[in-house]
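Reading through the C-alpha cells given below for one structure.
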Amino acid sequence: MLNKYMCRFYIPARNMCASNTKSMLTGKVAVVTASTDGIGYAIAARLAADGARVVVSSRKEGNVRSAVDRLKAGGFPVAGVVCHVGRAEDRSRLFQEAVHRFGGIDILVSNAAVNPAVGPVLECKESEWDKIFDINVKSAYLLSKEVLPHMRKRNGGSIIYISSIAGFQPMPLLGTYSVSKTALLGLTKAAAADLAKENIRVNCVAPGIVRTRFSSAIHEDEGTRTAVLSQVPLGRLAEPREIAGLVSFLCSDDASYITGETVVAAGGMQSRL
Ligand code: NAP
C-alpha cells in the first residue's frame, strides 16, 4: 500500500519513461567514429542493442568489414564506412552513407583519438602536436559542423565527444594528448550553448583507464598497471561496455534535459580542473 509520502514519487507504469533498454533508441540513426575496436566498438554495439541503426567506421577497410560482420551476426542493423576522421572526403562519405542507408542522422559519437607523443609536453614536436590536435580536437569540431544540417532536418540530435580523465588531470608523459582532451570539455560547453535552441544536445564522456589496445602500455606491464591502479579507488580498469552504457544513456530521451556536460566514468579517479 502506498502512503501519502510515497505517492508523490509514484509513477504509474504506463507513464514511465522508456526503461526498457531494448527500445531506448528505437528509430534513431547513430554514426560512431573509430568504432571497429575498443570503446568505439562497444558504443556501436550498445547503441544498436538499444534500438539504433548504427554506422560503424574506422580507417582500415578490413577492420570495418570485420566489425560489421560481428555486429550483423548479433542481429544488429549496422552499416560500415571507411573513414579516417582527418580526411574531408571520408567524413563527407560517412554522413552521405548514413543518410543513404538509414534515411538521416540523430546521433554522432566522436570517438577517434591518437597519441604519437610520449614525453614532457614542451618537448613535443610541432608535427606531433598538430597531429594530436587535428585528430583529437579539429576532427571533432569538423564532424559536428558537418553533421548539423542532417540533425536540423530531424529537428534535433545528440552529439557526444569522448574525452578522458586526462583532460582534467594531465597524465605524466601524455601532456599534449591530455591538453587535447581538455579542449573537448570546452568544445562541449561552447557547442551545447549554441545548439540548445535547436534541440541538439552536446555532451562529453571522460573515461578513466579502459582495457583496450590504446591503453595496452598501461595494463600489459604489471608495474605500470599496479602504479596506475593505486590511483583508482575502485581498484580495477574499466571495460569498454562500462563506457558504452553511459554514452547510450546520454543519447537517449532519458537524458533529454542534459546538455553541455562532461560525465566522468573513471572508477573514482580525481576529476577536477
Ligand atoms: P582503441 O581500442 O585503440 O581503438 C581505436 C579505434 O580507432 C580503432 O577502431 C581504430 O581503427 C580507430 N582509429 C584510429 N585512428 C583513427 C582515425 N584517425 N580515424 C578513424 N578511426 C581511427 O582505442 P580506445 O581505447 O577504444 O579509445 C577510444 C577513445 O577513448 C579515444 O578517444 C581515447 O582517447 C579515449 N579514451 C581511451 C581510454 C583508454 O584507457 N582506453 C581512456 C580515456 C579515453 P583503424 O585502425 O581501422 O582506424
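Which residues, taken from region 98-113, are of a type outside the set (Val, Ile, Thr), over 12 Å from residue 150 (Cβ atoms) and under 20 Å from the mean Cα position of the chain (by Cα)?
110, 111, 112, 113
Find the residue count for region 81-100, including only residues that are open to solvent by 20 Å² or more (accessible area, probe 1.4 Å) and either touching a Leu at 6+ places or on another chain (Cβ under 7 Å) or within 10 Å of the ligand (Cβ to nearest atom) (or both). It would help to see each step written out before you state the result.
Within region 81-100, the first condition is being open to solvent by 20 Å² or more (accessible area, probe 1.4 Å), and the residues that meet it are 82, 84, 86-89, 92-93, 96-97, 99-100.
Then keep just the ones that are either touching a Leu at 6+ places or on another chain (Cβ under 7 Å) or within 10 Å of the ligand (Cβ to nearest atom) (or both); that gives 82, 84, 86-87.
Of the residues in that region, 4 qualify.
If I go through region 250-273 residue by residue, how many of them are more than 16 Å from residue 182 (Cβ to Cβ) and either charged (D, E, K, R) or touching a residue at least 40 places away in the same chain (Cβ under 8 Å) (or both)?
11
How many of the residues making up region 43-66 are of a type in the set (A, V, I, L, M), surrounded by 23 or more Cβ atoms within 10 Å (Cβ to Cβ) and within 12 Å of the ligand (Cβ to nearest atom)?
So the count comes out to 3.
Can you name the residue in region 190-217 that is surrounded by fewer than 19 Cβ atoms within 10 Å (Cβ to Cβ) and part of a helix (DSSP H, G or I) and is also farthest from the ligand (Cβ to nearest atom) among such residues?
197
Checking the conditions here, which among 75, 103 is without any contact (Cβ under 8 Å) to a residue 12 or more places away in the chain, open to solvent by 50 Å² or more (accessible area, probe 1.4 Å), more than 13 Å from the ligand (Cβ to nearest atom) and on the phi > 0 side of the Ramachandran plot?
75
Check region 226-236 and report whether any residue there is within 12 Å of the ligand (Cβ to nearest atom) and either touching a helix residue (DSSP H, G or I) at 6+ places or on another chain (Cβ under 9 Å) or outside any loop (DSSP other than H, G, I, E, B) (or both).
Taking every residue of region 226-236 in turn, at least one turns out to be within 12 Å of the ligand (Cβ to nearest atom) and either touching a helix residue (DSSP H, G or I) at 6+ places or on another chain (Cβ under 9 Å) or outside any loop (DSSP other than H, G, I, E, B) (or both).
The values are calculated or read from the model by the stated rules, or taken from the named source; none is laboratory data. Just so it is clear, the structure is predicted and the values come from calculations on it, not from any experiment. Cβ: placed from backbone, ideal geometry, glycine included. Neighbour counts: every protein chain shown. Surface areas here come from the heavy atoms of the whole protein model, side chains and all, with no ligands, DNA or RNA. Shrake-Rupley method; radii C 1.70, N 1.55, O 1.52, S 1.80 Å.
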